[in-house]
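Colleague: One structure coming up, written as C-alpha cells, with questions to follow.
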Amino acid sequence: MNSLDFEPIGYITSCYKEKFGIPRQPGLVPSAKAQLTLIDAFDHESVRALEGFSHLWLQFIFHQTQSHGWKSLVRPPRLGGNKKIGVFASRSTFRPNPIGLSVVKLDDIEIHKSSVTLHLLGCDLLNKTPILDIKPYLPYVDAITDAEGGYAQQKPEVLMEVDFTEQATFQSKEASLRLGEDIPTLIKEILALDPKPSYQNNTEILDRIYRMKLYDFDLSWQYCENNKIRVLAINLT
Ligand code: SAM
C-alpha cells in the first residue's frame, strides 16, 4: 500500500489531560472547553469566513493510542463492552489509520499578530491532539434527520446523579475562581455520563475510588447505590 504523509495543521489544548473520563463522542459535555492553535504556516487568511459557522468538523490523530495497533473486531461501550462488532462499524480509537472525526461548536476565533486560535466547546479530545484538518459543518448536507444509527440510534442517557462532599464543594468553587470556569457544571456533565468501563458491574465498583485529571487537578469520586456518584475531592496536581 502507498503511504501518505500528512502534517498536523494545529494542536488542541483541552481540559482533558488523560484519556480516562473523556466523553465518548463530542457534544455530550457541552461546557468542556478546548482551543485549537494553528501552526505558524496558517495565518488569519486561512480562517477567513469561518466565523459564519457555528460548528466545525475536526479530523485528528488518536496520537495516544496510535502505537497500540488495531483489531478487526472491537467491543463498543454502547453494547456493554461484551459484544464484538467490526472496527469499521465502530468509532473505536484503535483503527488501521488512527484518524478521528468530531463535530464541535466554534465559540470564538482569536487572531493575535499572525497566530490563530479557535475556541471550541464540547470536544471529546485529549490535550495535545494533533489536528489534520478543519471543515465547516454544513447543516443542509451533514444533518440527516432520518438516518439510521445502528446500535447507537439514541444519544446515551444521562445515567448518574452527581453530588459533592463538603470538601469537594469548597474545592470546586476554588477551582472555578482559579480557572475562570464553571467547574461544578463541567464535573457534573462528565460524571453524569458514567465514565467507568462498561464491563465493570455494580458490586465491584462500590468500594473503589475513581480518578481523572482535568485542567490542573485530580478529580476523585465514588459510586453509591441507586446510580449516584459522590465527588470526593478536587486536588491540585
Ligand atoms: N468523535 C471521534 C470519532 O468518532 O472519531 C472520537 C470518538 S472516540 C470513541 C472518543 C474517545 O477517544 C475519547 O473518549 C477518548 O478516550 C479518546 N481520545 C480522544 N482524543 C484522543 C487522542 N488524541 N488519542 C487517543 N485517544 C483519544
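Any read-out appearing in this document is the output of simple, stated calculations on the displayed coordinates, not a laboratory observation. Only a predicted model underlies this, so the values are computations on that prediction, with no experimental measurement involved. Neighbour counts are summed over all protein chains in view; Cβ atoms, including those assigned to glycine, are modelled from backbone coordinates with ideal geometry.
Colleague: Taking the C-alpha atoms of segment 10-151, how large are the radius of gyration and the largest Cα-Cα span, Dmax, in Å?
Modeller: Looking at segment 10-151, its Cα Rg and Dmax stand at 16.0, 51 Å.
Colleague: List the aspartates and glutamates whose Cα lies under 13 Å from the Cα of K188, skipping any in the same chain that are fewer than 8 positions away.
Modeller: K188 reaches E161, D163.
Colleague: Follow-up question, since we're still on this one. Where is the GNM fluctuation largest for the chain (alpha-carbon springs, 10 angstrom cutoff): D216, D124, D40?
Modeller: D40
Colleague: For the chain, what's the relative contact order in percent, using C-alpha pairs closer than 8 Å and at least 6 residues apart?
Modeller: 26 percent.
Colleague: Please sort by residue number the GluC sites (Glu not before Pro) in segment 131-237 whose DSSP state is loop and whose Cβ has at most 10 other Cβ atoms within 10 Å.
Modeller: E148, E157, E225
Colleague: Springs between alpha-carbon pairs under 10 angstrom, Gaussian network model over the chain: which of Q66, Q200, Q222 fluctuates most?
Modeller: Among Q66, Q200, Q222, the largest GNM mean-square fluctuation belongs to Q200.
Colleague: Continuing with this model, one more query. With a sphere of radius 9 Å drawn around the Cβ of Q64, what net charge do the other residues whose Cβ falls strictly inside it have (Lys, Arg +1; Asp, Glu -1)? Walk me through the intermediate numbers first.
Modeller: Details: positive: K19, K128; negative: E18.
Within the 9 Å Cβ shell, the charges total +1.
Colleague: Quick one: what are the phi-derived ³J(HN,Hα) couplings along segment 179-185, Karplus 6.51/-1.76/1.60 with θ = phi - 60°, whole Hz, x for glycine and proline?
Modeller: Those phi angles translate into 9, x, 10, 8, 5, x, 5 Hz.
Colleague: Okay, helix-only estimate at 222 nm for the chain: each DSSP H run of n ≥ 4 adds -39500 (n - 2.57), divide by all residues, round to 500 deg cm²/dmol; what do you get?
Modeller: -3500 deg cm²/dmol, from helical runs alone.
Colleague: Another one. As a test of the definition: which semi-axes, in Å, follow for segment 161-236 when you take the square root of five times each eigenvalue of its alpha carbon gyration tensor? Largest first, please. List each step's numbers first, then the result.
Modeller: On the way: eigenvalues 100, 26, 23 Å².
Value: 22, 11, 11 Å, ordered largest first.
Colleague: State the volume of the convex hull built on the alpha-carbon positions of segment 1-48, expressed per residue in Å³ and rounded to an integer.
Modeller: 168 Å³
Colleague: Divide, for segment 72-218, the radius of gyration over alpha carbons by 2.2 N^0.38 Å, where N is the residue count.
Modeller: Against the empirical 2.2 N^0.38 Å value, I get 1.27 for segment 72-218.
Colleague: What residues qualify as long-range amide H neighbours of A233, i.e. H under 5 Å apart, gap of 5 or more or another chain, H built at 1.01 Å from N?
Modeller: S220
Colleague: Oh, and also: Output ³J(HN,Hα) for segment 26-37: one whole-Hz value per residue in order, computed from phi by the Karplus curve 6.51 cos²θ - 1.76 cosθ + 1.60 with θ = phi - 60°, and x for Gly and Pro.
Modeller: Listing the rounded values in order: x, x, 7, 10, x, 8, 5, 9, 8, 10, 10, 9 Hz.
Colleague: Using the Karplus curve 6.51 cos²θ - 1.76 cosθ + 1.60 with θ = phi - 60°, work out ³J(HN,Hα) for each residue of segment 221-237 in order, rounded to whole Hz, and write x for Gly and Pro.
Modeller: Rounded to whole hertz, the list is 8, 9, 8, 10, 4, 6, 6, 10, 10, 10, 6, 8, 7, 10, 9, 4, 7.
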